[in-house]
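A quick write-up on the structure given underneath.
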Amino acid sequence: HVIKNVNLETVCGITSKLPENTLPEVAFAGKSNVGKSSLINGLMNRKSYARTSQQPGKTQTINFYNINEEIYFVDLPGYGYAKVSEAVKAKWGTMIERYLHTSNQLRLVFLLIDIRHEPSANDKHMYRWIVEQGFNPVIIATKLDKLKRSQVQKHVKQIRVGLDVTEGTPIIPFSAVSKQGRDEIWDLIEQYALN
Ligand code: GTP
Ligand code: MG
């Protein structure tokens with residue numbers, strides 16, 4: 001997919017009104033530090049347009065990236081970030097849920113899981129909740145470069161079983177370092193969000 005321009009168009013904090021966009025949206029959900037912003041950079045062919053960090057809890061707003069005046073990538077704050085208070089966690093949970101629940105333009109939800117680890121209780125809740133909202137999330141198994149090649153299939157299966165995904169759900173290994181998986185992810189975006 002050719003990226004002509006990208007623009008961080010809307011940034012929503014806890015109390016912000018969500019935008020009423022007219023272009024299709026795809027959202028990226030997952031625990032803190034799993035690689036949501038890095039994946040968005042990879043898909044946009046930008047090194048660091050979306051801010052990333054080794055410290056979890058970097059993205060604390062809902063960020064809408066306008067790609068080519070064609071589609072929005074929606075970078076969601078991560079869940080499960082231990083260092084914020086329960087009250088802040090609850091507010092963010094509500095905000096993410098409100099977005100997934102109310103957006104009229106949301107066409108596709110990606111749920112990111114670190115390929116090295118079994119899905120956590122939070123990951124399982126998020127997956128179930130997304131399904132209950134009527135979406136069929138595509139799972140991205142992130143940080144593929146951190147695993148030996150011989151281990152990949154075993155770990156993909158671990159995610160499939162751990163989340164108990166609906167039959168036919170794609171699980172795509174992705175590395176923000178090698179960009180492996182990028183084209184496959186763009187194909188799905190074109191298929192489900194840009195038609
Ligand atoms: P929050 O905004 O805190 O929710 O995190 P996030 O999910 O946006 O994660 P982010 O993209 O900021 O990445 C977190 C850390 O993981 C950064 O240090 C990234 O460089 C690193 N990282 C992300 N993706 C990959 C990957 O595919 N491979 C490797 N090796 N590191 C990655
Ligand atoms: Mg982020």
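Using Cα pairs under 8 angstrom and six or more residues apart, how large is the relative contact order of the range 94-188, in percent? Write out the running numbers ahead of the final one.
Values: 111 pairs, mean separation 27.9, N = 95.
Relative contact order here is 29 percent.
Sequence neighbours fewer than 8 away in the same chain don't count; with that in mind, list the aspartates and glutamates whose C-alpha is under 15 Å from Lys17.
Hits, sequence-local ones excluded: Glu9, Glu97.
Taking R0 as 22 Å, what's the FRET efficiency between Gln54 and Ile3 from their Cβ-Cβ distance, rounded to 0.05?
Details: r = 26 Å, r/R0 = 1.17.
That gives a FRET efficiency of 0.30.
Any idea how far the Cα center of the range 98-123 sits from the one of the range 152-195, in Å?
The range 98-123 and the range 152-195 have Cα centres separated by 12 Å.
How high is the relative contact order of the range 6-193, in percent, with contacts defined as C-alpha pairs under 8 Å that are six or more residues apart? Each step should come with its number before you reach the end.
On the way: 327 pairs, mean separation 43.8, N = 188.
The value is 23 percent.
Within the range 1-23, what residues put their amide N at less than 17 Å from the label point 7 Å along the Cα-to-Cβ vector of Asn68?
1-8, 23
Extension gain Gln133-Thr22, at 0.36 nm per residue separation less the Cα-Cα distance, in nm? Spell out each step's value before the answer.
Numbers: separation 111, 0.36 × 111 = 39.96 nm, distance 2.03 nm.
Contour length minus Cα-Cα distance gives 37.9 nm.
What is the Rg over Rh value, at two decimals, for the range 6-193, using alpha-carbon atoms and the Kirkwood definition of Rh?
Details: Rg = 15.3 Å, Rh = 16.5 Å.
Here the Rg-to-Rh quotient is 0.93.
Below 8 Å between Cα atoms, with a sequence gap of 6+, how large is the relative contact order for the range 63-144 in percent? Walk me through the numbers on the way to the answer.
Working: 67 pairs, mean separation 20.5, N = 82.
Reported as a whole number, the value is 25 percent.
Only four residue types carry charge here, +1 at the Cβ of Lys and Arg and -1 at the Cβ of Asp and Glu. Report the dipole size of the range 46-101 about the Cα centre in Debye, rounded to the nearest 20. Intermediate results must be reported in sequence, preceding the final value.
Working: 8 positive and 5 negative charges, 63 e Å.
About 300 debye.
Quick one: order Val177, Val84, Val34 by neighbouring beta-carbon count within 10 Å, fewest to most.
Val177, Val84, Val34
Every number in this text was worked out from the coordinates using simple rules, so none of it is lab data. Note that the structure is a prediction, hence the values are computed from the model and not measured. In this analysis, Cβ positions are derived from the backbone assuming ideal geometry, glycine residues included, and neighbour counts consider all displayed protein chains.
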